[in-house]
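Peer 1: First, the structure itself, so that you have it in front of you.
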Amino acid sequence: MKFIKYAFSLCLFTLIAISCADDDNIDFVENITAPTNVSAAVSVTQDNTGVVTITPLAEGAVSYNVNYGDGSEEETGITPGNGAEHIYEEGTYEALITAVSVNGLTTTVTQSIVVSFKAPENLVVTIENDAAISKQVNLSAMADFATMYEVYFGESTDETPMVLNLEETISYQYAEAGTYTIKVIAKSAAIETTEYSEEFVVTAILQPLTGAPVPYRAQADVVSIYSDAYTDPNPIDYYPNWGQTTTYTQIDVEGDNIIQYGDITYQGIDFNSVAVDASGMEFIHVDVWTADADFDTKMSPISAGPNETAITLELNENQWTSFDIPLSTFTDQNPAVDFSDIIQFKFEGAPSGSGTIFIDNLYFYKESVSGVSGVLPLTFDGGFTLDQFDGGGTSVIANPDSNGNTSANVLELVKGAGQPWAGSKVTIPTPFNFSSSTTVTAKVWSPRAGLNLLMKFEDSAPWPNTTATAEITATTTLANQWETLTFDFTGVDMAVEFYNVVLIMDNGTVGDGSANYTIYVDDISSNPMLTFEPEYTLDQFDGGGTSVIANPDSSGNTSANVLELVKGAGQPWAGSKITVPTRFDFTAGTTITAKVWSPRAGLNLLMKFEDSTPWPNTIATAEVTATTTLVNQWETLTFNFSGVDTSIDFFNIVLIMDNGTQGDGTANYTIYVDDIAQN
């Protein structure tokens with residue numbers, strides 16, 4: 001894959017060079033930066049000859065130089081995809097790899113070369129099941145005199161070995177759990193190798209490792225069927241005898257009780273002749289987890305008659321999937337379900353009974369007209385997910401210029417020093433619809449006139465099998481202000497379901513991550529319209545930075561988007577503020593939890609709530625601080641606001657990390673926050 005990538009880079013450079021020959025315009029060269037991600041693949045022949053092949057790798061390089069580190073003549077002008085061959089004496093060397101860009105800028109790194117004519121000794125192999133990814137093993141190896149390792153994971157008889165370099169860990173995901181013979185061959189420059197093999201049991205994660213999302217709605221707005229957060233009906237039978245072969249178990253995950261229906265064909269929940277009246281509710285909520293790939297379940301509320309309507313719940317493997325289903329889905333059918341007289345629920349799986357599901361937080365609810373319902377939790381998932389590629393940066397931030405665009409939040413796009421095609425992608429859960437119009441407009445704020453913004457729509461197929469529209473480019477005419485750009489997609493294939501909009505600024509030119517390559521986009525006018533307006537606004541003060549970004553670590557938190565907080569070199573109290581349109585209501589509970597990802601244990605996160613009065617007359621709660629205990633992973637922090645004055649209308653959450661210490665804007669002062677919830 002790397003060879004293809006760098007070969008393509010060379011082809012792109014060739015095309016640019018031909019184009020420049022036609023019009024003598026080489027202004028773009030001034031914007032090209034030095035090569036990045038410089039490394040080298042090193043292979044040593046196993047014949048006691050000391051022949052070593054060094055294949056340089058980098059992004060943005062058109063040629064390479066190699067200093068072998070043994071006093072011999074330097075090899076120059078190596079083209080991407082090719083290697084340099086050299087004969088070493090036995091020993092350890094520090095080679096210098098220099099990558100050269102099209103405008104002559106260079107980047108140099110050191111590469112250790114070990115040449116030993118001894119067979120590897122003291123081979124130690126570590127194999128572990130991944131704690132979070134089902135059926136994945138992680139493997140590392142160490143041996144004296146080894147230069148590399150070949151690893152066979154034993155899933156097929158004709159497999160190609162994976163190459164493991166020194167001081168690396170490789171991962172492999174099996175199709176099925178079971179016992180496999182894993183073999184590691186340690187190689188040096190000697191003909192003789194050293195082997196290790198082990199019968200290893202690969203395990204599948206068969207149940208959730210974390211509890212379902214914590215419900216946040218007030219009890220008064222809920223009629224619960226099964227949830228630790230609410231009062232469930234009594235009597236109720238979660239495993240009535242309907243002649244099914246499904247198994248039933250109630251398990252505990254992180255203190256959260258969860259129903260497990262194993263080998264499910266069908267399974268009922270029976271209220272034992274005491275009907276539930278949910279006529280005042282508007283939705284059904286349920287959280288479902290499965291370890292089975294491509295497995296869906298059906299759910300049916302059943303009223304007296306019996307009258308029932310099934311809806312298919314499309315599940316995501318190895319993660320909780322949450323559903324909020326309008327009751328009209330069931331009342332618009334014939335016969336209609338009567339929600340004033342619900343007597344049972346039914347879940348269905350495959351007729352063969354080959355799947356298992358886990359269920360939590362099954363309840364009816366209505367949207368509250370005031371108070372905390374509809375405000376918490378703050379999940380930062382606004383009906384879309386954000387992504388970037390090859391040097392692009394994508395986030396939702398507070399609108400930096402309300403003159404000409406009054407939106408509170410906008411999309412920020414940054415083009416860094418990656419590939420010339422670096423860009424951003426916005427994905428929505430339902431396809432874009434071009435049937436009413438093929439003209440798309442977008443509000444764009446650019447630092448300069450003449451900036452070219454490319455837009456295209458793509459289906460959901462992974463690259464390189466993606467189906468895309470034509471690439472339409474519009475050019476800014478204003479600097480440092482909002483304007484509306486128009487993109488004409490006449491002729492678009494209406495039969496294709498497009499879920500993604502891709503945006504690339506100045507395609508063909510490498511960005512530098514500066515203000516000159518930072519733009520803001522809003523109100524992409526299509527069907528549906530993308531406004532980037534969640535149910536809250538973001539702000540920061542005295543050196544704090546606040547934005548919504550794509551979740552950088554889905555292990556332990558599967559949310560697509562999260563809140564990024566950065567403490568810069570401002571005041572010691574620099575922080576962030578979130579404002580919601582309806583007041584927070586503490587009558588339902590004074591304990592607030594939040595998922596937090598921190599770069600270090602011992603980071604103190606201060607939380608307080610404020611009313612809408614401008615500072616310095618603001619009325620605030622006590623400042624409650626929680627401390628992180630984990631490094632580079634998600635954990636849940638708890639903030640106790642006992643004694644809060646519930647008569648005050650609080651509209652703002654303030655967050656300050658390490659209050660009293662000045663930040664520096666680095667990764668050490670960057671955290672991620674999600675799912676701020678009330679308990």
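Peer 1: Once every DSSP H run of n ≥ 4 in the chain is given -39500 (n - 2.57) and the sum is divided by its residues, what mean residue ellipticity at 222 nm do you get, rounded to the nearest 500 deg cm²/dmol?
Peer 2: -1000 deg cm²/dmol
Peer 1: Could you sort 385-391, 614-620, 599-605 so that the peptide with the highest average Cβ count within 10 Å comes first and the rest follow in order? Show your work: numbers first, answer last.
Peer 2: Details: 385-391: 18.7, 614-620: 9.6, 599-605: 15.3.
Taking the mean over residues of other Cβ atoms within 10 Å, the ranking is 385-391, 599-605, 614-620.
Peer 1: While we're on this one: Within the accessible area of the range 92-192, what % is carbon and sulfur when the probe is 1.4 Å and the other protein chains stay in place? Display every interim value, and only then the final one.
Peer 2: Values: 2420 of 5010 Å².
Result for the range 92-192: 48 percent of the exposed heavy-atom area is carbon or sulfur.
Peer 1: Roughly how tilted is helix 2-23, in degrees to the nearest 10 and between 0 and 90, from the longest Cα axis of the chain?
Peer 2: Result, in degrees: 80.
Peer 1: Classify the range 553-613 as rounded, prolate or oblate from the Cα gyration tensor: take a ≥ b ≥ c as the square roots of its eigenvalues, call it rounded if a/c is under 1.5, otherwise prolate when a/b beats b/c and oblate if not. Write down the numbers at each step before the final one.
Peer 2: Working: a/c = 1.78, a/b = 1.19, b/c = 1.49.
Oblate shape, in that a/c is at least 1.5 and b/c is the bigger or equal ratio.
Peer 1: While we're on this one: Counting only the heavy atoms of the protein chains, how much of residue 396 is accessible to a 1.4 Å probe, in Å² to the nearest 10?
Peer 2: The value for residue 396 is about 10 Å².
Peer 1: Taking H as built 1.01 Å from N, whose amide H comes closer than 5 Å to the amide H of residue 481, not counting residues under 5 places away?
Peer 2: The answer is 446.
Peer 1: Which pairs, out of 346/425; 298/366; 366/595; 425/608; 298/577, put more than 31 Å between their alpha-carbon atoms?
Peer 2: Numbers: 346/425 39 Å; 298/366 22 Å; 366/595 26 Å; 425/608 34 Å; 298/577 41 Å.
Violating the 31 Å Cα-Cα cut-off are 346/425; 425/608; 298/577.
Peer 1: With the contact rule set at Cα under 8 Å and sequence spacing of 6 or more, what percent relative contact order holds for the range 563-663? Intermediate results must be reported in sequence, preceding the final value.
Peer 2: Values: 211 pairs, mean separation 44.5, N = 101.
For the range 563-663, the relative contact order is 44 percent.
Peer 1: Sorted by mean Cβ packing within 10 Å, highest first, what order do the peptides 262-269, 661-668 take?
Peer 2: Averaged packing, sorted descending, gives the order 262-269, 661-668.
Peer 1: To continue, here is another question. Just the number please: accessible area per residue for the chain, 1.4 Å probe, all protein chains included, in Å².
Peer 2: Value for the chain: 45 Å² per residue.
Peer 1: Using modelled backbone amide H atoms (1.01 Å from N, in-plane), which distant-in-sequence or interchain residues come within less than 5 Å of residue 147's amide H?
Peer 2: Under 5 Å from the amide H of residue 147 lie the amide H atoms of 187, 188, each far enough along the sequence or on another chain.
Peer 1: Right, something else. Taking the mean number of other Cβ atoms within 10 Å as a proxy for protection, how do you rank 441-453, 319-331 from highest to lowest?
Peer 2: Sorting 441-453, 319-331 by mean packing, highest first, produces 441-453, 319-331.
Peer 1: Still on this structure, please answer the following. For the range 603-618, take each phi angle, set θ = phi - 60°, evaluate the Karplus expression 6.51 cos²θ - 1.76 cosθ + 1.60, and give the result in whole Hz per residue in order, putting x for glycine and proline.
Peer 2: 6, 9, 10, 8, 10, 8, 10, 10, 7, 8, 6, x, 5, x, 9, 4
Peer 1: Only residues of the range 626-641 count here: report those whose backbone N is under 19 Å from the spot 7 Å along Cα→Cβ of residue 668, or say none.
Peer 2: Output list for this probe position: 628-633.
Peer 1: Calculate one ³J(HN,Hα) per residue across the range 553-563 by plugging θ = phi - 60° into the Karplus curve 6.51 cos²θ - 1.76 cosθ + 1.60, and present them in order as whole Hz with x for glycine and proline.
Peer 2: Rounded to whole hertz, the list is 8, 7, 6, x, 7, 8, 4, 6, 10, 9, 8.
Peer 1: Convert each backbone phi in the range 456-463 into a coupling constant with the Karplus relation 6.51 cos²θ - 1.76 cosθ + 1.60 (shift: θ = phi - 60°), then list the ³J(HN,Hα) values in order as whole Hz, x for Gly and Pro.
Peer 2: Calculated HN-Hα couplings, in order: 8, 10, 10, 7, 8, 5, x, 4 Hz.
Peer 1: If I stretch the segment between residue 156 and residue 463 completely, what's the gain in nm (0.36 nm per residue apart, minus their alpha carbon distance), one decimal?
Peer 2: Extra length available between residue 156 and residue 463 comes to 107.9 nm.
Peer 1: When Rg is the radius of gyration of the Cα atoms in the range 576-641 and Rh is its Kirkwood radius, what does Rg/Rh come to?
Peer 2: Working: Rg = 13.6 Å, Rh = 13.4 Å.
For the range 576-641, the value is 1.01.
Peer 1: Indicate the gyration tensor shape class of the range 377-515 (rounded, prolate or oblate), computed on the Cα atoms with a ≥ b ≥ c the square roots of the eigenvalues: a/c under 1.5 is rounded; otherwise a/b larger than b/c is prolate and the rest oblate.
Peer 2: Verdict is rounded for the range 377-515.
Peer 1: In nm, to one decimal, how far is the residue 484 label point from the residue 72 one, both placed 7 Å along Cα→Cβ?
Peer 2: Using points 7 Å along Cα→Cβ, the separation is 6.7 nm.
Peer 1: Oh, and also: Decide, for the range 531-679, between rounded, prolate and oblate: order the square roots of the alpha carbon gyration tensor eigenvalues as a ≥ b ≥ c, take rounded if a/c falls under 1.5, and otherwise choose prolate if a/b is larger than b/c, else oblate.
Peer 2: rounded
The values are calculated or read from the model by the stated rules, or taken from the named source; none is laboratory data. As the structure is a prediction and not an experimental result, all values here were calculated from the model. All Cβ positions, even for glycine, are placed from backbone atoms using ideal geometry, and neighbour counts span all protein chains on display. Side chains included, ligands, DNA and RNA excluded: accessible areas come from the protein's heavy atoms. Shrake-Rupley method; radii C 1.70, N 1.55, O 1.52, S 1.80 Å.
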